[in-house]
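One structure is given here, and the rest of the page talks about it.
Quick note: the coordinates plus some simple rules give every number you see, no bench work behind them. None of the values given here were measured: they were computed from a predicted structure. Counting neighbours? That spans all protein chains shown, and the Cβs are built from the backbone with ideal geometry, glycine included.
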Amino acid sequence: MPEQDEFVNLSKMSFDVTEEQKLILEQVDRACREFRPVEDRYYLEHRVNDQVKPFFAKAHLLGLPVSRKYGDGQGSDMVTYALAVERIGREGTGLRTFFSVHLALGQMTIQHWGNEEQKGRLLPPATRGDAILAFGLTEPSAGSDPASLKTYFEEKGGRYYITGQKMWISLGSTAKYVLVFAYPKGKSTGMCAFIVDSQSSGFRAELIQHKLGLPTADTSTLYLDEVEVAREDLLGPPGKGMSVALSGLMNGRLSVAAGCVGVIQDCLDESVRYASMRFQHGKLIGKHQLVQRHIGLMSTNLEAAKLLLLKAAFVKQKYEEDPMNAELRDITDLACARAKYFAANASFDAANRAVQIFGANGYSLENRPARHLADTRVTMIYEGANEIMEQKLALGSLGSGFEAYS
Ligand SMILES: Cc1cc2nc3c(=O)[nH]c(=O)nc-3n(C[C@H](O)[C@H](O)[C@H](O)COP(=O)(O)OP(=O)(O)OC[C@H]3O[C@@H](n4cnc5c(N)ncnc54)[C@H](O)[C@@H]3O)c2cc1C
């Protein structure tokens, strides 16, 4: 197994917030506070929130992890980015999912794999919110096992034609461009990643209804019928689609972990607020020891999740600076998976405890704990379900001879 200490000198880890980071985080905090009533309204009306894009584009927050060379890119390092997404996560998993998909699965993947022409063409409008990005890997019969996907492409006259169906695609109905993963027709090797324009003929998106949570988030099914893609829109080397997908998922996991830390923070804040004002049996419920137990556990999980997140962000930053380093990539991949796995479970636990502290009021979607409970459940499923994360983390300790899929 890779030796972490070679790359990650923990004595050098510092999470002191610099003046520049402080300014970005204040900007994010202001935008989140201002946006809260809008998200509240859409949530209670059970509608996809179409105000996210214009609002956060105006706040210059749609290009946080992208180099300043491109449009509205803010060039944030990974720790700043993680802290920003954590703050957004406090607002709810629906809003945070928008950022995870557009910024992490979309922009960061293009920034890593794209050539200069693609980055110059796609990232400026993406960072300004003029071209939202989505990530189309999952299919009706290919989820945890993306290698079994059925979407295929044919190459004719120097152009590609893609046919297939993608399911559960966040921002699928909002996106201008979707990263679509497909095999050459008749093959189950040589997967390629394509940047597909959603305005192309043969492309159709349909919102998925009746979800357990995330009512404000666009989750869609995509239908592709011989959708034409130019050669310039192949992302990464031909045949390297799986590597593109896996690196996108690593970006996404860091972002999910950050959002979940935000959820735990919000559940803790809400619980403390409620327990400090609700009286039962002649005293504040916060004075009852069994209620204190929930709060003590939540605060401990918050600290643990945050430290795992910060460590993952710290190593991710090192990897960003040394992207050809395969050992560092593996260490980062594990750190992001571990942070996501822990934070996802802890966020669901925190939401459950917050609902309990609120009692019947916790059962109302008018209050934040109920929304977190419904919404954060998905973090144990998407971007690598819990069981897949467990296998990955076990492999990190057992070594490659224990690969489950060999
Ligand atoms: C709201 C939402 C948004 C999403 N957004 C996107 C998106 O933007 N882009 C995208 O591509 N996908 C997206 N997804 C899809 C998501 O990534 C998949 O749901 C996820 O990968 C799991 O796949 P699956 O649902 O097909 O479950 P399955 O793979 O069918 O798994 C079902 C169960 O079996 C378990 N399982 C499967 N294989 C194994 C194994 N080998 N060992 C042990 N247990 C196993 C799983 O852990 C799970 O518990 C989204 C999903 C949701 C719900």
Farthest towards the positive end of the dipole of the chain, among G157, L393, T379 and with Cβ unit charges of +1 on Lys and Arg and -1 on Asp and Glu, lies the Cα of T379
Which one of L365, L137, L214 has the biggest mean-square fluctuation once the chain is modelled by GNM with Cα springs under 10 Å?
L365
Per 0.36 nm of contour for each residue apart, how much would the distance between E116 and R47 grow if the chain were fully extended, relative to their Cα-Cα spacing?
21.1 nm
Assuming R0 = 22 Å, what is the FRET efficiency of D225 and D130, from their Cβ-Cβ distance, to the nearest 0.05?
0.25
Considering every Cα-Cα pair within segment 69-137, what fraction, in whole percent, is farther apart than 20 Å?
27
Total Lys pairs in segment 241-402 closer than 24 Å by alpha-carbon, pairs eight or more apart in sequence or interchain only?
11
As a percent rounded to 5, the proportion of antiparallel DSSP bridges among beta bridges in the chain is 85
Would you list, by chain and number, the aspartates and glutamates whose Cα falls below 16 Å from the Cα of K211, excluding same-chain residues fewer than 8 positions away?
E45, D375
As I understand it, the dipole of the chain uses +1 on the Cβ of Lys and Arg and -1 on the Cβ of Asp and Glu, about the Cα centre. Which of I285, T174, N251 lies farthest toward its positive end?
I285
Specify which residue in the list P54, A84, F99 is farthest towards the positive end of the charge dipole of segment 4-132, using unit charges on the beta carbon of Lys, Arg (+1) and Asp, Glu (-1), about the Cα centre.
P54
At what distance in nm do the modelled label points of R273 and F402 sit from each other, each positioned 7 Å from its Cα along Cα→Cβ?
4.4
Separation between the L393 and R159 pseudo-spin-labels, each 7 Å from Cα along Cα→Cβ, expressed in nm?
4.8
Would you mind checking the tilt of helix 116-127 against the longest principal axis of the Cα atoms of the chain, expressed as 0 to 90 degrees and rounded to 10?
30
Pairwise FRET efficiency - T300 versus E232, Cβ, R0 = 45 Å, nearest 0.05
0.35
Fewest-first ranking of I381, I264, I388, I162, using other Cβ atoms within 10 Å as the exposure measure
I381, I388, I162, I264
Per-residue Cβ neighbour rank within 10 angstrom, fewest leading, M250, M324:
M324, M250
Give the total of Lys-Lys pairs in segment 4-132 with Cα-Cα distances below 24 Å; include a pair only if its members are 8 or more places apart or on different chains.
9
Can you give the charge dipole size of the chain about its Cα centre, rounded to the nearest 20 debye, using +1 on the beta carbon of Lys and Arg and -1 on the beta carbon of Asp and Glu?
960
Output the Cα-based Rg and Dmax of segment 4-132 in Å, rounding Rg to one decimal and Dmax to a whole number.
15.7, 52
Using the 10 angstrom Cβ neighbour count as an exposure proxy, how do R253, R90, R33, R278 rank, fewest first?
R33, R278, R90, R253
When the expected Rg is taken as 2.2 N^0.38 Å, what fraction or multiple of it is the alpha-carbon Rg of segment 79-192?
1.17
So the FRET efficiency between V38 and E321, C-beta based with R0 = 41 Å and rounded to 0.05, is 0.65
Value at 222 nm in deg cm²/dmol, rounded to 500, when DSSP H runs of n ≥ 4 in the chain each add -39,500 (n - 2.57)
-16500 deg cm²/dmol
Which trypsin sites (Lys or Arg not before Pro) does segment 97-195 hold that lie in a coil by DSSP with at most 14 other beta carbons within 10 Å?
K150, K185, K187
Give, rounded to the nearest 20 debye, the magnitude of the charge dipole that segment 4-132 has about its Cα centre when Lys and Arg contribute +1 at Cβ and Asp and Glu contribute -1 at Cβ.
360
Compute the longest continuous run of the chain that contains no exposed GluC sites (Glu not before Pro); treat a site as exposed when its DSSP state is not H, G, I, E or B and it has at most 14 other Cβ atoms within 10 Å.
4-365
Projected area, mean over directions - the chain, Cα convex hull, nm²:
20.2
